[in-house]
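Report on the following structure.
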Amino acid sequence: MCLVCSVGYAATGVAVLASAPMSQTSSPVDVSGFSELRSSLVEVTRPTIEQPEWLKQQLAAEAAAAAAASQAATNARRATSTLTVTYDVSTRGAVSASLSEFKLLSNQTLNDARGWARMNVRFVEVASGGQFSLVLASANEVGAVPGCGAEYSCRSGRYVLINQDRWMGATPSWNNAGGSLRDYRHMVVNHETGHWLGHGHSSCGGAGQPAAVMQQQSIDLQGCSFNPWPLPSELYSPQLGI
């Protein structure tokens, strides 16, 4: 076998391949087609895919479980820590009612197990500089406060104003429904303090039902029965963050 001949033949073949021109068979790309395709895709409306019923039920159950867990955590925090709220007591105008009795009964109301204390809140009277001020005021003094009137009690800013006339005699609406004066005093202190806690007014939930403490029971029971204490649904406070 001629080794030199083989090598020469291979070299010649490589040279021939290297010198052969490459075929130019590809055609130019028409880019206008891409623009048309892009416009067509924009106009395509994606179909709405309805969740199957089993998935809806599962998601609803998971949301309910999360809400229950959140509420349980809130309840646990309330059960393990008592929040102290301070308040001071004063009078305005010509007050003839006993201030010592007003202080005693108001404190009993605020810390009663049927009232706002159910939020695990303890109300402590201080000599001055409380978080809110509880004021026994004459009717004309209450009426002199912007946004208040002389006929009823009122809350204005940090001041919880108890109208002396109402403290001593309740109102026709309350008395006609058979409510006692002591229960009215519970109610009016809870109602006006409720405003300071961050509540607005509410309406009767249905004829014969206990009124919410934030309903204006002094004016009209609206078919509800009188009730001096906050309902379970009212046991929260934007003011205190609970």
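Listed here are the residues, each with its yes/no results for (1) at pLDDT below 75; (2) among the small types (Gly, Ala, Ser); (3) on the phi > 0 side of the Ramachandran plot.
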position: Ser26; (1), (2), (3): yes, yes, no
position: Val31; (1), (2), (3): yes, no, no
position: Val44; (1), (2), (3): yes, no, no
position: Ile49; (1), (2), (3): no, no, no
position: Ala64; (1), (2), (3): no, yes, no
position: Ala69; (1), (2), (3): no, yes, no
position: Ser81; (1), (2), (3): no, yes, no
position: Asp88; (1), (2), (3): no, no, no
For this session: Filter segment 108-122 down to the residues that are touching a strand residue (DSSP E or B) at 6+ places or on another chain (Cβ under 6 Å) and buried (at least 16 other Cβ atoms within 10 Å of the Cβ), then identify the one that is nearest to Leu83 (Cα to Cα).
Result: Val121
Problem set entry | For Phe226: the one exception among (1) at pLDDT 95 or above; (2) out of contact with any Lys or Arg (no Cβ under 9 Å at 6 or more places or on another chain) | (1)
Exercise. Would you pick out the residues in segment 123-139 that are exposed (fewer than 13 other Cβ atoms within 10 Å of the Cβ) and out of contact with any Phe, Trp or Tyr (no Cβ under 9 Å at 6 or more places or on another chain)?
Worked result: Ala127, Ser128, Gly129
Problem set entry | Residues that are farther than 15 Å from His199 by Cα and of a type in the set (Gly, Ala, Ser), drawn from segment 213-238 | Ser218, Gly223, Ser225
Exercise. Restricting attention to segment 218-235, which residues are assigned to a loop (DSSP other than H, G, I, E, B) and closer than 17 Å to Thr109 by Cα?
Worked result: Phe226, Asn227, Pro228, Trp229, Pro230, Leu231, Leu235
Seminar exercise, completed: Here the qualifying pairs (Cβ atoms under 6 Å; residues six or more apart or on different chains; first in segment 69-87 and farther than 28 Å from Arg155 by Cβ; second hydroxyl-bearing (Ser, Thr, Tyr) and modelled with pLDDT of 65 or more) come out as none
For this session: Being of a type in the set (Gly, Ala, Ser) and modelled with pLDDT of 95 or more is the filter; apply it to segment 157-199 and report the residue that is farthest from Ala211 (Cα to Cα).
Result: Gly157
For this session: Go through segment 143-154 and count every residue that is more than 17 Å from Ile219 (Cα to Cα) and part of a strand (DSSP E or B).
Result: 0
Exercise. Ala63 is checked against (1) exposed (fewer than 11 other Cβ atoms within 10 Å of the Cβ); (2) outside any helix (DSSP H, G or I) and fails just one. What number does that condition carry?
Worked result: (2)
Seminar exercise, completed: Being within 28 Å of Leu240 (Cα to Cα) and either touching a Cys at 6+ places or on another chain (Cβ under 9 Å) or without any contact (Cβ under 8 Å) to a residue 60 or more places away in the chain (or both) narrows Ala177, Ala137 down to just Ala137
Seminar exercise, completed: For segment 109-142 the number of residues that are in a helix (DSSP H, G or I) and farther than 18 Å from Arg166 by Cβ is 4
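The values are calculated or read from the model by the stated rules, or taken from the named source; none is laboratory data. None of the values given here were measured: they were computed from a predicted structure. A quick note on method: Cβ atoms are made from the backbone with ideal geometry, for glycine too, and the neighbour counts reach across all protein chains shown.
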